[in-house]
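What follows is one structure encoded as structure tokens, with my remarks underneath.
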Amino acid sequence: RCVRRAFQDLLSRRGRTWETIEATRAWLGDRKDCTGRVGVIGFCMGGGFALVAAARYDFAAAAVNYGMVPRKAAEVLAGACPIVASYGKRDQSLRSAAGKLERALTDVGVPHDIKEYPGVGHGFLGQHEPPRPIAALCKITMSYGYDAVAAEDAWTRILGFFRQHLRD
């Protein structure tokens, strides 16, 4: 139920999940050990949240990893903070997502670094198996699985992007 509810919040762009994201951003930004510049990172469903949150809240940078691109992406992402995103070309659940995101961000003038890794699918940054109930589906439709070379490159891009955009 929890995951279903979060997906509903993601698709409707309203709900408790969004309230939690903003409350967390505000709390981090107000901490004495924070410069006030906060980034957001997400993977899979979290990548979709990070992408929309990049335009919706006062984040300084966003890292989107195999996150769903919203319909009317240019409209939804206008005014977003800089975005770094990583996708796997073999991920059939997000076909052409990298290209769609690249075009939308270019159209609205958002600084970005979008990369689609050719030999990998969904979940290539994580060294874990998908949840049991959906494991078979993930492996078939998403070509799910960790890839050390692509993961190292993606993490290098993400951390460099955050260093560039989150320093005070």
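The values are calculated or read from the model by the stated rules, or taken from the named source; none is laboratory data. None of the values given here were measured: they were computed from a predicted structure. Note that we place each Cβ from the backbone using ideal geometry, even for glycine, and neighbour counts take in every protein chain shown. To get the accessible areas, we keep the full protein, side chains included, count just its heavy atoms, and leave off ligands, DNA and RNA. Shrake-Rupley method; radii C 1.70, N 1.55, O 1.52, S 1.80 Å.
Given the structure, is Trp18 farther than 29 Å from Ser93 by Cβ and among the aromatic types (Phe, Trp, Tyr)?
no
Anything in the range 74-88 that is touching a helix residue (DSSP H, G or I) at 6+ places or on another chain (Cβ under 7 Å) and either outside any helix (DSSP H, G or I) or open to solvent by 10 Å² or more (accessible area, probe 1.4 Å) (or both)? List them, or say none.
Of everything in the range 74-88, those that are touching a helix residue (DSSP H, G or I) at 6+ places or on another chain (Cβ under 7 Å) and either outside any helix (DSSP H, G or I) or open to solvent by 10 Å² or more (accessible area, probe 1.4 Å) (or both) turn out to be Ala74, Val76, Ala78, Gly79, Ala80, Cys81, Pro82, Ile83, Val84, Ala85, Ser86, Tyr87.
Out of all the residues in the range 20-40, is one or more under 16 Å from Leu105 (Cβ atoms) and either of a type outside the set (S, T, N, Q) or touching a strand residue (DSSP E or B) at 6+ places or on another chain (Cβ under 6 Å) (or both)?
Scanning the range 20-40, I find at least one residue that is under 16 Å from Leu105 (Cβ atoms) and either of a type outside the set (S, T, N, Q) or touching a strand residue (DSSP E or B) at 6+ places or on another chain (Cβ under 6 Å) (or both), so the answer is yes.
I need every pair where a residue in the range 1-25 that is over 18 Å from Pro70 (Cβ atoms) and at pLDDT 95 or above has its Cβ under 8 Å from the Cβ of a residue that is open to solvent by less than 50 Å² (accessible area, probe 1.4 Å) and assigned to a helix (DSSP H, G or I), sequence separation at least 6 or different chains.
Within 8 Å, the pairs are Arg25/Ala53.
With respect to Tyr57, is the statement that it is at pLDDT 95 or above, hydroxyl-bearing (Ser, Thr, Tyr) and open to solvent by 10 Å² or more (accessible area, probe 1.4 Å) true?
yes
Do we find that Val69 is over 12 Å from the mean Cα position of the chain (by Cα), part of a loop (DSSP other than H, G, I, E, B) and more than 17 Å from Glu152 (Cβ to Cβ) in this structure?
No, not satisfied.
How many of the residues in the range 125-168 are within 18 Å of Ala85 (Cα to Cα) and modelled with pLDDT of 85 or more?
Residues in the range 125-168 being within 18 Å of Ala85 (Cα to Cα) and modelled with pLDDT of 85 or more: 22 in total.
Pull up the range 8-42, narrow it to residues that are assigned to a loop (DSSP other than H, G, I, E, B) and among the basic types (Lys, Arg), then point me to the one that is farthest from the chain's Cα centre (by Cα).
Top of the filtered list is Lys32.
With the requirement that a residue be buried (at least 17 other Cβ atoms within 10 Å of the Cβ) and farther than 19 Å from Val76 by Cα, what does the range 10-42 give you?
The answer is Arg25, Arg37, Val38.
Could you look through the range 60-73, keep only residues that are closer than 19 Å to Gly15 by Cα and touching a Gly at 6+ places or on another chain (Cβ under 7 Å), and pick out the one that is least open to solvent (accessible area, probe 1.4 Å)?
Gly67
Collect the residues in the range 41-58 that are touching a strand residue (DSSP E or B) at 6+ places or on another chain (Cβ under 6 Å) and of a type in the set (Gly, Ala, Ser), keeping them in residue-number order.
Passing the criteria: Gly47, Ala50, Ala53, Ala54.
Anything in the range 103-124 that is buried (at least 19 other Cβ atoms within 10 Å of the Cβ) and in a helix (DSSP H, G or I)? List them, or say none.
Ala104, Leu105 - these are the residues of the range 103-124 that are buried (at least 19 other Cβ atoms within 10 Å of the Cβ) and in a helix (DSSP H, G or I).
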